[in-house]
Amino acid sequence: MKAVVMGYHTMGCVGFDALLRHGFEIPAVFTHRDDPHEEVWWESLAARAEARRIPVHYPESLKDSRWVETVRGYAPDFIFSFYFRFMIPVSILELPPRGALNLHGSLLPRYRGRAPVNWVLVNGETETGVSLHYMVAKPDAGNLVDQERVSIAFEETARTLYAKLEAAATALLDRTLPRLKAGTAHSSPLDLTVGSYFGGRKPEDGRVDWRWPALRVYNLVRAVTHPYPGAFTTLGGRKVFLWWGLPETDLAADGAGVERRGPEGGSARVVPAPGAVLSVDAGGVRVSAGQGALNLLRCQTEGGPELEAAAWAASEGVAPGTVLGT
């Protein structure tokens with residue numbers, strides 16, 4: 001049983017290993033060259049394949065008709081996509097008689113599209129998983145074969161969640177590949193009306209709006225902290241990356257803020273302005289949000305070193321009353 005692999009990242013290696021473990025022959029691998037502008041922290045599928053002397057291709061696009069003939073020449077029974085970054089044309093999807101399947105990092109039909117591991121954290125989800133489904137022209141829309149669920153801890157980051165998804169993918173593939181090979185796997189249509197779709201994320205999507213509730217800011221921080229580009233705010237016109245911090249949902253009006261009078265000129269109370277630094281000590285730098293506060297723990301001014309928040313504040317002259325993000 002032959003399966004052409006189109007994949008990348010550690011998840012590509014997980015799928016590649018599973019296919020070999022279950023007796024599939026892999027005549028070729030299609031993958032991507034690493035982008036020098038990305039922080040490459042994952043395993044190399046290309047190296048995995050080359051170690052077994054399996055041909056490796058690096059298409060810049062699969063729209064060129066020559067790739068259809070290249071894949072056809074390998075006469076695959078299946079095509080498997082494991083975190084491959086390009087859309088695969090229908091002309092290629094139709095080649096394998098047993099179908100073309102994709103491993104997606106969410107519980108389809110929810111979080112179709114790009115960067116699901118980041119989006120579920122941005123949105124504060126408590127559960128996600130991996131899904132194996134048939135590929136069709138529309139992304140992440142073909143019949144579902146199987147899923148494996150994972151829980152999301154409160155202090156989960158994209159990196160730790162990705163590791164959970166790798167383990168989930170291994171379990172899913174070990175359960176499902178034998179059935180696919182035997183022709184006994186069942187599938188069911190996805191109801192896209194109850195799903196969701198998210199696009200790719202860009203570095204600018206990491207900008208913090210301090211008017212958000214502290215929990216929302218925290219969810220963004222953990223979604224894009226290392227090895228991703230990072231959430232950021234500004235100070236004096238420079239970017240400040242927020243690599244870690246924790247939310248405080250109850251906030252007393254105990255720091256720099258704006259004065260607001262009560263009805264008919266009544267007594268004033270101080271309401272912290274969003275982005276106002278409330279306190280700086282060894283425990284962190286507390287910053288007011290639209291609701292609650294975020295206690296920053298690790299920060300980095302662009303071009304400078306990453307520091308514990310208190311050391312960063314000392315180096316930048318940040319004190320109670322400083323306002324971030326203006």
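Since every read-out is calculated from the coordinates, none of them should be taken as a lab result. What you see is a predicted model; the values in this text were computed from it and never measured. Using ideal geometry, Cβ is built from the backbone for each residue, glycine included, and neighbour counts are taken over all protein chains shown.
Order these by the 10 Å Cβ neighbour count, fewest first: K138, K239, K202.
Ordered from fewest to most neighbouring Cβ atoms within 10 Å, K138, K239, K202 come out as K202, K138, K239.
Fewest first, what order do K2, K63 take by the number of other Cβ atoms within 10 Å?
The most exposed by this proxy come first: K63, K2.
For Cα extents along the principal axes in Å, pick the label among [x] 79, 40, 32; [y] 70, 46, 36; [z] 131, 35, 29 that corresponds to the value derived from the coordinates.
Correct label, based on the coordinates given: [x].
In cubic angstrom, how much convex hull volume per residue do the alpha carbon atoms of the range 19-59 span?
With only Cα atoms used, the range 19-59 gives 78 Å³ per residue.
Could you put Y111, Y8, Y58 in order, starting from the residue whose Cβ has the fewest other Cβ atoms within 10 Å?
Sorted ascending by nearby Cβ count, the order is Y58, Y8, Y111.
Compute a Gaussian network model of the chain, connecting alpha carbons closer than 10 Å, and tell me which residue from E248, E306, E39 fluctuates the most.
Taking springs between Cα atoms under 10 Å, the residue moving most is E39.
Could you tell me which of the pairs K63/K138; K2/K164; K164/K239 are separated by over 25 angstrom between their Cα atoms in the structure shown?
Long pairs (Cα-Cα over 25 Å): K2/K164; K164/K239.
For the peptides 293-299, 193-199, 120-126, what is the packing order when you average, over each peptide's residues, the other Cβ atoms within 10 Å and list the highest mean first?
293-299, 120-126, 193-199
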